[in-house]
Amino acid sequence: MAEKNSSGISGFHKLSVTERVDYISEKHGMTSEETAMLRTGGGLSMSQADKMTENVFTTINLPVGVVPKFSVNGKEHDVPMALEEPSVIAAVCKIRNIANIHGGFKASTTGSIMEGHVQITDIPDLNKAISSILDHKDELLSIANSKDPKLVSVGGGAKNIGIDVIKTPTQEMLAVRFLVDCKDAMGANAVNGMAETIAPKLKELTGGKCGVRILSNLATGRLARASATFDKDALGGKEVVKGIINAYEFADSYIQRGATHNKGIMNGIDAVAIALMQDWRALEAGAHSYAAFGRRYGSLTKYSIDMDGNLVGSIEMPMAVGTVGGSMNAHPMSKLLYKMIDVNGASELAEVIAAVGLAQNLGALRALVDEGISKGHMILHERKAEINNVLRKNENTA
Ligand code: MEV
């Protein structure tokens, strides 16, 4: 690869597409079939696509870029990102270099607990219903677990039950919450199945009517956290650091800005999620609801300045991703991209994705408080215009 910069990362962006595939293929020991799939893109046959959703008549390609050697907890990952927007991958690469000066990203997760709920309305005696549910907690858990013996066999399954009384403008109802350890699965199917399975028993115990039975995307039992120290000089100096703090406080206190600030975070997170066929809509729902969880809507990231004047950044948000089951293993290309990110299960994947979200956010803030966002975007838009010209020329000569 070309020359190395101060943080030891080679000039990957200067390689040709062919050379980039050579790098990924050699580094991750890909077979000749796998390498051929990377070179041609796609990977999903029409018949595979037809099994994934309804009324399929075609598929669509997205560019997949890579953030090479993205260091999280001292381990380097080649992170695939699928998206059409320019500047996002470049921003993560730039912040990766700055984070590396002080040891890269540190990340952790709080567990793999997903939550489902059963809504119960029209309850004749609310207090009696609550006692009755709590008295039958073990029985309810074992009914739920009977739905997914495979998850139980790997140490997962329904672990606890809680109850929330919900006061709506017209009535009081119950949300019976049950917490499910989903291990390496994202868990939506498992949790939804369990919610439906325990509903008849809840109806019997409460004398009420069971309504909605579904998982919650506000996965507070499955948070991912990432943090890093960013060198003040590499960021552009004291003024830029102060500007970033101001921008963060602005986002955290003003929802009009907070929405866009968090959108930038999701630019990074969704792009990895899409490359790996994760349910990025679930991640979006989790992110934005968590940004308003127990407080007014604010930033998913936090920033402060340490004693040396460097910027310390962190992120915390629900990260419901899975590495067993799900669409990732059904899609030949995402299965291959999972190989190159080199993570060991859902928790490590969640940690890497959270760190990408933080990097993306800081990349956007740094540009916003310094040269502005348009410069980088415009260079890449010009490249897109060039592509359009070539396409138009081809059409005219066809
Ligand atoms: C654009 O897709 C994302 C940004 O607007 C994020 C931000 O404003 O922080 C640049």
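The values are calculated or read from the model by the stated rules, or taken from the named source; none is laboratory data. All values reported here derive from a predicted model rather than from experimental measurement. Every residue, glycine as well, gets a Cβ built from its backbone with ideal geometry; the counts of neighbours run over all protein chains shown.
With respect to Asp270, is the statement that it is touching a helix residue (DSSP H, G or I) at 6+ places or on another chain (Cβ under 6 Å), of a type in the set (Asp, Glu) and modelled with pLDDT of 95 or more true?
So Asp270 fits the description; yes.
When Leu362, Leu276 are checked against the criterion of being in contact with a helix residue (DSSP H, G or I) (Cβ under 7 Å, 6 or more places away or on another chain), within 24 Å of Arg96 (Cα to Cα), touching a residue at least 40 places away in the same chain (Cβ under 8 Å) and within 16 Å of the ligand (Cβ to nearest atom), a single residue qualifies: Leu362. Sub-6 Å Cβ pairs linking a first residue in the range 233-261 that is under 13 Å from Leu362 (Cα atoms) to a second residue that is basic (Lys, Arg) and away from the ligand (no atom under 13 Å from the Cβ), at least 6 apart or interchain, are Val241/Lys232, ordered by first then second residue.
So Ala224 fits all but one of (1) touching a helix residue (DSSP H, G or I) at 6+ places or on another chain (Cβ under 7 Å); (2) within 16 Å of the ligand (Cβ to nearest atom); what number is the exception? Here Ala224 clears every test but (2).
Let's see how each residue does on (1) among the aliphatic types (A, V, I, L, M); (2) closer than 21 Å to Lys209 by Cβ:
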| residue | (1), (2) |
| --- | --- |
| Glu85 | no, no |
| His102 | no, no |
| Gly157 | no, no |
| Ile166 | yes, yes |
| Phe178 | no, yes |
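Please work out if Ala350 is out of contact with any helix residue (DSSP H, G or I) (no Cβ under 8 Å at 6 or more places or on another chain), hydrophobic (A, V, I, L, M, F, W, C) and crowded, with 23+ Cβ neighbours inside 10 Å. Yes. Checking each residue of the range 241-259 against the condition of being within 12 Å of the ligand (Cβ to nearest atom), modelled with pLDDT of 95 or more and out of contact with any helix residue (DSSP H, G or I) (no Cβ under 9 Å at 6 or more places or on another chain) gives at least one match.
Identify the single condition in (1) within 12 Å of the ligand (Cβ to nearest atom); (2) in contact with a Ser or Thr (Cβ under 7 Å, 6 or more places away or on another chain) that Lys263 does not satisfy, given that it satisfies every other one. Going through the list (1) within 12 Å of the ligand (Cβ to nearest atom); (2) in contact with a Ser or Thr (Cβ under 7 Å, 6 or more places away or on another chain), Lys263 breaks only (2).
If you check Ile101, Ile133, Ile89, Ile123, which single one turns out to be over 23 Å from Met277 (Cβ atoms), touching a helix residue (DSSP H, G or I) at 6+ places or on another chain (Cβ under 8 Å) and either of a type in the set (Gly, Ala, Ser) or assigned by TED's automatic domain parsing to the domain that holds Ile373 (or both)?
Ile101
Among the residues of the range 182-219, those identified as crowded, with 18+ Cβ neighbours inside 10 Å, touching a Ser or Thr at 6+ places or on another chain (Cβ under 6 Å) and of a type in the set (D, E, K, R) are Lys183, Asp184. For the range 61-75, a tally of residues being part of a strand (DSSP E or B) and away from the ligand (no atom under 16 Å from the Cβ) returns 9. In the range 52-60, the count of residues that are in contact (Cβ under 8 Å) with a residue 60 or more places away in the chain and in a helix (DSSP H, G or I) is one or more. Restricting attention to the range 76-99, the residues being out of contact with any strand residue (DSSP E or B) (no Cβ under 6 Å at 6 or more places or on another chain) and part of a helix (DSSP H, G or I) number 6. For the range 299-312, a residue qualifies if it is surrounded by 22 or more Cβ atoms within 10 Å (Cβ to Cβ), more than 18 Å from the chain's Cα centre (by Cα) and not aliphatic (A, V, I, L, M), and exactly one does: Tyr303. Of all residues in the range 343-370, those that are among the β-branched types (Val, Ile, Thr) and under 12 Å from Ala228 (Cβ atoms) total 1. Residues of the range 142-169 that are over 25 Å from the mean Cα position of the chain (by Cα), under 20 Å from Ala199 (Cα atoms) and in a strand (DSSP E or B): Asn160, Ile161, Gly162, Ile163, Asp164, Val165, Ile166.
If we keep just the residues of the range 319-341 that are part of a helix (DSSP H, G or I) and of a type in the set (Ser, Thr, Tyr), which is nearest to Tyr23 (Cα to Cα)? If we take residues in the range 319-341 being part of a helix (DSSP H, G or I) and of a type in the set (Ser, Thr, Tyr), then Tyr338 is nearest to Tyr23 (Cα to Cα). Reported count of residues in the range 100-119, each being within 16 Å of Asn310 (Cβ to Cβ) and part of a strand (DSSP E or B), is 2.
Out of Glu284, Glu316, Glu249, I need the residue that is of a type outside the set (Gly, Ala, Ser) and either assigned to a strand (DSSP E or B) or outside the structural domain of Arg39 (by TED's automatic domain parsing) (or both). Which one?
Glu316
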